[in-house]
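Inspection log for the structure reproduced underneath, given as structure tokens.
Just so it is clear, none of the values below were taken in a lab; they were calculated from the coordinates. Just so we're clear, the structure is a prediction, and the values are computed from it rather than from any experiment. All Cβ positions, glycine included, derive from the backbone under ideal geometry; neighbour counts span all protein chains shown.
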Amino acid sequence: MPQQDRKIDYLEFPARDFRATREFYQRLFGWVFTAYGDDYLAFNDGKLDGGFYLSELSATTSQGSALVVMYAENLEQVFDEVVASGGAILKPIFSFPGGRRFQFADPNGNELAVWSDK
């Protein structure tokens, strides 16, 4: 897809374990990864590109990070898969105007969310 002026183009997250990161996101969300040396792991989720840089830090809303929210047709299925894959549920499924969502921590402690309007 061509670049679009003034649109979000790329996301980066900290990660301390690239192997666990790759396995988690490939299994759950089908992300495709490309390693660039020992310190950077790029991904494509089918819609957006991003990457993980080597760091002991993590991105959480309690520390002021933006919350990245993904969409799922079947929220309960993704919830169960996150748990089975070793993700930590930070906020169980809850309703909000327009849908439902949950928030989780990936193997690096990064906080993300999944929502559905179903």
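The table for this structure:
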item	result
Test: F24 is assigned to a strand (DSSP E or B) and not hydroxyl-bearing (S, T, Y)	no
Single residue of Y71, Y40 found to be without any contact (Cβ under 8 Å) to a residue 40 or more places away in the chain and closer than 26 Å to Q4 by Cβ	Y40
So E12, is it touching a Ser or Thr at 6+ places or on another chain (Cβ under 8 Å), over 15 Å from A113 (Cβ atoms) and either outside any helix (DSSP H, G or I) or not basic (K, R) (or both)	no
Strands (runs of 3 or more DSSP E) contained entirely in the range 44-118, each with at least 3 residues that are more than 17 Å from R27 (Cα to Cα)	49-54, 88-96, 99-105, 111-116
Residue match in the range 97-105 (condition: polar (S, T, N, Q) and either touching a Lys or Arg at 6+ places or on another chain (Cβ under 7 Å) or closer than 23 Å to E12 by Cα (or both))	yes
Set V32, V82: member being out of contact with any Lys or Arg (no Cβ under 9 Å at 6 or more places or on another chain) and free of Cβ contacts under 8 Å to residues at least 24 places away in the same chain	V32
Residues of the range 92-114 that turn out to be more than 11 Å from T61 (Cα to Cα) and among the polar types (S, T, N, Q), as a count	2
Members of the range 1-19 that are β-branched (V, I, T) and either surrounded by 10 or more Cβ atoms within 10 Å (Cβ to Cβ) or farther than 21 Å from L41 by Cβ (or both)	none
Residue match in the range 82-91 (condition: surrounded by 15 or more Cβ atoms within 10 Å (Cβ to Cβ), over 12 Å from F13 (Cβ atoms) and not aliphatic (A, V, I, L, M))	yes
Filtered residues of the range 104-118 (kept if under 20 Å from R16 (Cβ atoms) and among the polar types (S, T, N, Q))	N108, N110
